[in-house]
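Here is the structure we will look at, set down as structure tokens.
The values are calculated or read from the model by the stated rules, or taken from the named source; none is laboratory data. Owing to the predicted nature of the structure, the values given are computational and were not obtained by experimental measurement. Note that each Cβ is placed from the backbone with ideal geometry, even for glycine, and that neighbours are counted across all protein chains shown. Heavy atoms of the whole protein, side chains included, go into the accessibility calculation; ligands, DNA and RNA do not. Shrake-Rupley method; radii C 1.70, N 1.55, O 1.52, S 1.80 Å.
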Amino acid sequence: MAIEGVNRGLRRVPVAVVWVAGLVPLLLLGLQAALDGLGVDPVKALERQLGKLALQFLVLGLLITPLRRLAGLDLLRFRRAIGLLAAGYAFLHLLVWLGLDMQFQVGQILRDIARRPYLVAGVISLVLLVPLAVTSTDRAMRRMGPLKWRRLHLLVYPAALLGAFHYMLLVKGRPPEPLIYAMVIVVLLVLRILRVWVRRPSRA
């Protein structure tokens, strides 16, 4: 079958290719910044683009399992790299906000978080990503055990939902893009819940 040929081809692709491809947007952003190509407010533009990339990689990572189960496309070996890229872009997004936007003014940062719901959602999303990034290694999985590890990594769903909510509240004019991300994440979460529910043993 065609999908089997695709999977055979994917098995020959080094994971390093995903890393290189995933870092290309960061390189392009750096070039844009160096050439004054980020518009009238380059800090906000950089901050926004990094956050969007984090959300895009989160959604891409969540799509890997459904693609395997529904279409037979096996991208599992790339999931760790994609997840770490998502976390990396999220933390760069935070760092740009803290350092370039807020100038590390702790008092102002805390006041802004307290009064702006989108910041609260963004911070919680980032906090949820921390244990996922820390436990992304094979060693961490062995120490925790597969069951506990998989349960912990379900945090990616609320992290992604909160990231989409953060984006929706942040963007003025309510463009459709943040809503599309949120809807895709909700659908993937519902599919996950349905799969777990169907697999539950009957107590009848």
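Ligands, DNA and RNA left out, the 1.4 Å accessible surface of region 92-147 is 68% carbon and sulfur atoms. Taking N as the residue count of region 90-204, its C-alpha radius of gyration divided by 2.2 N^0.38 Å amounts to 1.31.
Dividing the mean sequence gap of close Cα pairs (under 8 Å, 6+ apart) by how many residues the chain holds gives a relative contact order of 20 percent.
The angle separating the long axis of helix 106-115 from the principal Cα axis of greatest extent in the chain is about 60 degrees.
Considering only alpha-carbon pairs that sit under 8 angstrom and 6 or more positions apart, the relative contact order computed for region 1-111 is 32 percent.
Scattering from region 78-127 was approximated by placing one identical point on each alpha carbon and applying the Debye formula without solvent; log10 I(q)/I(0) at 0.25, 0.28, 0.30 1/Å stands at -0.96, -1.08, -1.16.
Each label was represented as a point 7 Å from its Cα along the Cα-to-Cβ direction; for ALA45 and THR137 these points are 3.9 nm apart. Against the main long axis of the alpha-carbon atoms of the chain, helix 15-34 sits at an angle near 10°.
Can you compute the charge dipole magnitude of the chain about its Cα centre, using +1 on each Lys and Arg Cβ and -1 on each Asp and Glu Cβ, nothing else charged? Give it in debye, rounded to the nearest 20.
Details: 27 positive and 9 negative charges, 262 e Å.
I would put it at about 1260 debye.
All other residues with a Cβ under 12 Å from the Cβ of LEU58 taken together, and with Lys, Arg as +1 and Asp, Glu as -1, what is their net charge?
Numbers: positive: LYS52, ARG79; negative: none.
After counting each charged neighbour, the total is +2.
Based on protein heavy atoms only, the chain ends up with 62 Å² per residue of surface accessible to a 1.4 Å probe. Farthest towards the positive end of the charge dipole of region 42-156, among the residues GLY72, HIS153, ILE82, is the Cα of GLY72, using unit charges on the Cβ of Lys, Arg, Asp and Glu. The angle separating the long axis of helix 117-134 from the principal Cα axis of greatest extent in the chain is about 50 degrees.
Size check on region 39-122: the Cα extents along the three principal axes, sorted descending, read 50, 28, 18 Å.
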